[in-house]
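The block underneath contains the structure these notes are about, expressed in structure tokens.
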Amino acid sequence: AEPLTRNGSINISPTWSPDGRMVLFTCFRRRNPDLYGISLLTGKVELISSLPGVNAAPSFHPDGRKIALMMRGGEGTDIFLLPFPHGRPSLLVGGWANETSPSFSPDGRKIAFVSDRTGTPQVYIKDLVSGRVTRLTFEGSYNCSPAWSPRGNWIAYSGMVGGRFHIFVIRPDGT
């Protein structure tokens, strides 16, 4: 294994760019969880987002021109859309609850995410065309980390059942 970061700080949540030339990650080196990108061609590290509060859990849109990420919003964490590599963030999913773990569908038309709006973390999908939000998971006391299959016909996620985390798959229509 070859380390990409050697900055003496905590570095978490790596995410590949669609073209494979960059890895985004969250780093605490400025005492705030900021979002950075590292070029795999040059090794150059670039600050992407450093708004006060959380800048974490990035997900690239398949076109590579925008990312969804979790940021500290109003009362909880919200999901914002950020033009890549730089731009002004806009709210994608938010409210009083904690919205986390964004994951774009392969066609870029939907985003899976986790919200505790019902009291426990559950997986949801937002249709980015219609704006409709649909709850996918109803079992498990803590569901997290949704990830789309390459064809977009499944979403894998971690779910706690019986005090243990397991990996589950569910179709985007909830079946």
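By accessible area of protein heavy atoms, probe 1.4 Å, what ranking do C27, C144 get, highest first? Present the calculation step by step, with values, prior to reporting the outcome.
Values: C27 0, C144 25 Å².
Reading off the accessible areas and sorting them downward yields C144, C27.
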Rg followed by Dmax, in Å, when region 1-71 is reduced to its Cα trace
11.5, 33
Chymotrypsin sites (Phe, Trp or Tyr not before Pro), restricted to region 120-175: which are DSSP loop and have at most 12 other Cβ atoms within 10 Å?
F138
Given a 1.4 Å probe and every protein chain left where it sits, what share in percent of the accessible area of the chain is carbon and sulfur?
53 percent
Rough spin-label spacing in nm, given labels placed 7 Å along Cα→Cβ, for R65 and W16
2.3 nm
Please work out whether region 46-102 counts as rounded, prolate or oblate from its C-alpha gyration tensor, where a ≥ b ≥ c are the square roots of the eigenvalues and a/c under 1.5 means rounded, while otherwise a/b larger than b/c means prolate and anything else oblate?
prolate
Is the shape of region 96-175 rounded, prolate or oblate, going by the alpha carbon gyration tensor and its root eigenvalues a ≥ b ≥ c, with a/c under 1.5 for rounded and a/b larger than b/c for prolate?
oblate
Area of R135 that stays accessible when all protein chains are in place (1.4 Å probe, Å², to 10)
70 Å²
With a 1.4 Å probe and every protein chain left in place, work out the accessible area per residue of the chain in Å², rounded to a whole number.
55 Å²
So how much accessible area does K126 have, in Å² to the nearest 10, using a 1.4 Å probe?
40 Å²
Only four residue types carry charge here, +1 at the Cβ of Lys and Arg and -1 at the Cβ of Asp and Glu. Report the dipole size of region 1-157 about the Cα centre in Debye, rounded to the nearest 20.
260 debye
Signed unit charges on C-beta, dipole axis of the chain, positive-most listed residue S50, V129, L81:
S50
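The values are calculated or read from the model by the stated rules, or taken from the named source; none is laboratory data. Source: prediction; values computed, not measured. Neighbour counts are summed over all protein chains in view; Cβ atoms, including those assigned to glycine, are modelled from backbone coordinates with ideal geometry. Only protein heavy atoms, including side chains, enter the accessible area calculation; ligands, DNA and RNA are left aside. Shrake-Rupley method; radii C 1.70, N 1.55, O 1.52, S 1.80 Å.
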